[in-house]
Every structure is written in structure tokens, then in C-alpha cells.
Amino acid sequence: MSTHSARSLSRVVADLGSTLLDLLYGDWERAVEIGGVGIHDPHDEQHYPPHAIVLGTGVRGAEEIAEVLYGLRPHGAAALVVRGPVDHAARLERAVAETGVALLALTRGASWAQLAAMLRTLLSEGDVGEAAGHTLGGVPSGDLFALANAIGTLLDAPVTIEDRRSRILAFSGGQDEADAVRVESILARQVPERYLRLHEEHGVFKELYRSEGLVHVPAPTVADEVALPRVAVAVRAGDEILGSVWAAAREPLTREREAAFLEAANLAALHMLRFRAGTDAEYRLRADLVATALEGGAGAIAALGRLGLAGEPTLVMAMGLPPGRGADHAHTTAEHQRLAAALAVHLSAVQPRSAVALLGDVAYALFPVAGDSPRVRERACQVASNFLERTGDRTGAVIGIGSVALEPAALARSRANADRTLRVLFSGRGLPRVAAIADVYVDALMLEMRDLAISNRDELSGPLARLAAYDAKHNAHLVETLRAWLDAFGDVVAASANVFVHPNTFRYRIRRVAEVGQIDLQDPYARFAAMLQLRLMPMNGGRARSEGTGPTSPTA
């Protein structure tokens, strides 16, 4: 069991050390409470929580590391994490001694996103619900890392606590003494798929969730990999299975240790329930605060204050999945929740004060910025793009970015603009997966004009109506010809090539457009009116509907 303060650097090193982090230099037992996690960005003004653990994701070389350490001293940072290995010990040891900022190295193979998630979980324990001093079985209530360490000490074996999907919720120290498979699981926070399939084939999970006792799993072998034997026990709360606890045991457990393991499983149930309740309560509270802030009403100021975003410019990001991506509602809901949680982890690493909540089918993020400028908006787009690149394109998720809100009352407008951008990205025009409202404003305006025309039940009229009626009656292509001519700025050669006809044929059709449609193509206003209607009118295979076939755009 950990004897360190829940939010101390010593606790971080004790629980994540040897598996994820190596302390290189610094006083890791310094009595300071970690205020959160920050990320170093050399191209932006830095804002860190008090006594932050700063992730130096792109920091390389002794000189650059030392420069960042000195830069963190005015911010009162507790530690800097860089990718290991690190050379030039004397230079860095001196910089750590002069700045008071501890230097840690992230293990090769571990991702920054997983580290940020682990740190966020570890540092948030005890934030919601009962007082931090409340304990269950001598372990702080809901502190799964402390519980894993306690069980690991009792069994003299590295332990993991996992949920029903074999995701790692917490782990004890000494994982490097187990095997490569266990270390891989810790780094990914998920048991590798190949071993899950092996356990399924051998009925391990069926036995685990059916048995009231311990399940002994022989040393599994996949290809040339050999792992230690495992001892597992299911964690239950009545009829509900919450997860399981796994120990990698080099030697068979004694009877006393087996009895202690079974007792620990009962205790684990209480802690997992407490952890789940705290997590659910924190999520609901955060979602309520984000929703209140987005409304921009009287409660927005108080909500922003509780989120730590009061008094600074903020913009809204809206992330959604394309509609109709599958009939399985449960799967779609789970996908929304998974992406929202991943976005929260990503943004918390970039900007710790950001807040994310899933409201309906859209995940909204409040993202604090330095002001309202093109550079700020470009950075927001880059942050969102980086997230979607990491999650891949399988889900088809897109992110719309609203305008910058300089005051709480403007957040409602920022959300509306993020929603407008999201709708444009879903319109299927081959746009990128991330856009700001400034980039797609005209497209958003056109969609809204079409909505207005439909709601007014306006019908196509004027020159376009006459051309569409003629096309329908004579199987002609006059609307298509006019569209191609306007799109090519009157260049007959280019326009004819786009519709695959001879230029002379195209010239004849353009003359027929002017005659049938009774339109003066030399009149700028007439051309603009035609272009606007062509952009708004519903199309079917490139052919326009004739007058009276249904509501469409108004007469320009």
C-alpha cells in the first residue's frame, strides 16, 4: 500500500515508476501537491496548473531539455517528463538542482496519451464524493492504485486490476519483474488481443466469471512469447461482475496468500464501486457544467468558474460521427462515449483547463485560448487534427470549431457556430475532417438558406424553372449547360470539356439557354441569381427538378 500523498510526485513515481517512468534527477519526495498535467508547446504561451507535471513531448537533447527546465522554473512546475533515454548527466543534473524541477524519462514504447490518462486518473482520485481521509480496509476509498499495491505486497507478486473488457484500471509496482506481456499491457492499458483470444479459446473467462474462487492460468505461450502463470479472481458486487484482479506469480501461492487474495477481491469490489461512483458523478457534474456554460445564460459565469475557465477567451469544439453509420444504436453510443473520453484526455494534455462533455450525439469541448486571432484558430484546428490523426479514419469523426467567445454570453454563439461547421463537414463535399466556422461560413450560410426555402415551401421559378421544365419535357441538358458555363466563368472550351461535348455544340446550347430561359447572360445580376439558385436547388443525378415538383430555393 502506498504511504505517499495521493497527489504528490512521490506517489506518481512510486505507482508509475519502473513501468512507465524513470526518475532521472530531482527530489521526488519533495512535499508538494501536484496541481495537474501540462504539455510543453514551444510555439505558444504556456499556462500550467500549480506544481504541474509537464510533458515534454517533442523535447530532445540535453541542451533543449535544460532550456525547458529553466523555462519551467518561473511556473513552479514540479517535474518535466521527456522521452528516454537521456544523455549528458552532469549538464542535466545541474539544471535540475538549480531549477528544483525534477526530470523523469518516459519508457520507450509508452505513449504520451496513455501517460496523460494514467496521470489524470491517479491525480483525480478522491476529488469527488467523500472526504479523502475515508478508508476501506485501510486503503483510501476508491484508490485502486493503492489497493493494487496492497494486494501485490500481500501476494509478493505484481498485480493488475482490470474491468470486464480487460482494460487496466490500476496496477501495483514491480511490473518490470513480471514478463514482457504484462509490461505491454500496462503501457497500452489493455491486455493484448492475442492473449484475450487465447484465454477465450481455453475458457479462462468463462471459468473466472462462473467461479467464486481463484482461477489458476498456466503460463500462456503465443508464438515465441512465454509469460508467467497467472492467478485471477473475479470482483463481484452481488450478481454484478465488476472486473477482476490478476497476479503474475512465479511461484504457487501459499494457502495463506490464496485466502488473502480472496479477501482482497471482496475489498476490491467496494473500492471499484466507489471508484465508479466517483467517476460517474464527476462526469455528470462536468457534463452539467459544460451544458450550462454553453447556454450562455446567467449560470454560465458560475459554471465556467467551477470549471476553472472564468475570465478568459474560450472557443467551442464540436465532434460528431456521420449520421446513419450503422443500425446498432448501442455500438454507436459506445463509440460516441469512447471518442469523447479520448478527446478529453487529448485536450487535457494540450490545455489542462479544457472541459469535454458528451451532450446527445455530439461531444462539446470548451477550449481556452489566448485571444481571438487567426493564429489562435489555426492552433485549435491543429490540435483537433492531431487528435483525429491519432484515432484514425475508421470512425469518420469530424470536428467543427466555433468562434472565440471573449465573454461567457458569447459561448452560445460559439456553440452555434461549431454546430454549423459540423453540419457543413457532414454535407459530403470532400471537405477536411476539421474546420473552423471562418473556413466554411459561406457553405453554412447556403445550407441555412436552403432550409429557409424548404420551410417556406418556395418553388423554383424564373429562368431556372423554365430551363428545368424544358429539360424534363425534351430530355435536354440546358440546366447542366448553364451550370458548367457559370462554373467556368464563361470559358466555353473549359465548360464544354467538363460536360464532354464539342465546343460548337456547347455554344449552341448556351444560345438555347438564353432563349428558353429568357435570361440575359451579359447581366451580372442575372448571372448571380442563376448561380445562387443552382447552388440551392435540389439535384438528382445532375438533372434539376422542374417547376412544381417540390419546395426548393426562392426566386433570386
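Just for helices (runs of 4 or more DSSP H) wholly inside the range 241-351: which have at least 1 residues that are of a type in the set (Phe, Trp, Tyr), at pLDDT below 85 and in contact with a helix residue (DSSP H, G or I) (Cβ under 8 Å, 6 or more places away or on another chain)?
Working: elements: 255-295, 300-307, 329-350.
Output list reads 255-295.
Tell me whether the range 187-194 contains one or more residues that are more than 25 Å from the chain's Cα centre (by Cα), over 24 Å from Val12 (Cβ atoms) and modelled with pLDDT of 85 or more. Walk me through it before giving the result.
Narrowing the range 187-194 to residues more than 25 Å from the chain's Cα centre (by Cα): 194.
The next check asks that each one be over 24 Å from Val12 (Cβ atoms); those that pass are 194.
Add one more test, that the residue is modelled with pLDDT of 85 or more, and what stays is 194.
Yes; the residues of the range 187-194 include at least one that is more than 25 Å from the chain's Cα centre (by Cα), over 24 Å from Val12 (Cβ atoms) and modelled with pLDDT of 85 or more.
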Selection count where residues are modelled with pLDDT under 90 and aliphatic (A, V, I, L, M), scope the range 384-396: 1
Those residues of the range 440-456 which are outside any helix (DSSP H, G or I) and more than 31 Å from the chain's Cα centre (by Cα) amount to Asn456
Residue hits (the range 189-223; in contact with a helix residue (DSSP H, G or I) (Cβ under 7 Å, 6 or more places away or on another chain), in contact (Cβ under 8 Å) with a residue 12 or more places away in the chain and part of a helix (DSSP H, G or I)) are Tyr195, His199
Residue pairs, Cβ under 7 Å, 6 or more apart or interchain, first in the range 82-93 and more than 12 Å from Tyr25 (Cα to Cα) and in contact (Cβ under 8 Å) with a residue 12 or more places away in the chain, second polar (S, T, N, Q) and surrounded by 11 or more Cβ atoms within 10 Å (Cβ to Cβ). List them. Gly84/Thr107
Taking Leu147, is it of a type in the set (A, V, I, L, M, F, W, C), outside any strand (DSSP E or B) and surrounded by 18 or more Cβ atoms within 10 Å (Cβ to Cβ)? yes
For Glu162, are the conditions met, namely being among the acidic types (Asp, Glu) and either at pLDDT 90 or above or touching a strand residue (DSSP E or B) at 6+ places or on another chain (Cβ under 9 Å) (or both)? yes
Please work out which one of (1) under 24 Å from the mean Cα position of the chain (by Cα); (2) at negative phi; (3) surrounded by fewer than 16 Cβ atoms within 10 Å (Cβ to Cβ); (4) of a type outside the set (Ser, Thr, Tyr) is the condition Gly428 fails and give its number. (2)
Give the residues of the range 7-25 that are closer than 20 Å to Pro49 by Cα and either modelled with pLDDT of 80 or more or over 26 Å from the mean Cα position of the chain (by Cα) (or both), sorted by residue number. Ser8, Leu9, Ser10, Arg11, Val12, Val13
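The values are calculated or read from the model by the stated rules, or taken from the named source; none is laboratory data. Bear in mind the structure is a predicted one, so any value in this text is a computation, not a measurement. Neighbour counts run over all protein chains shown; Cβ positions are idealised from the backbone, glycine included.
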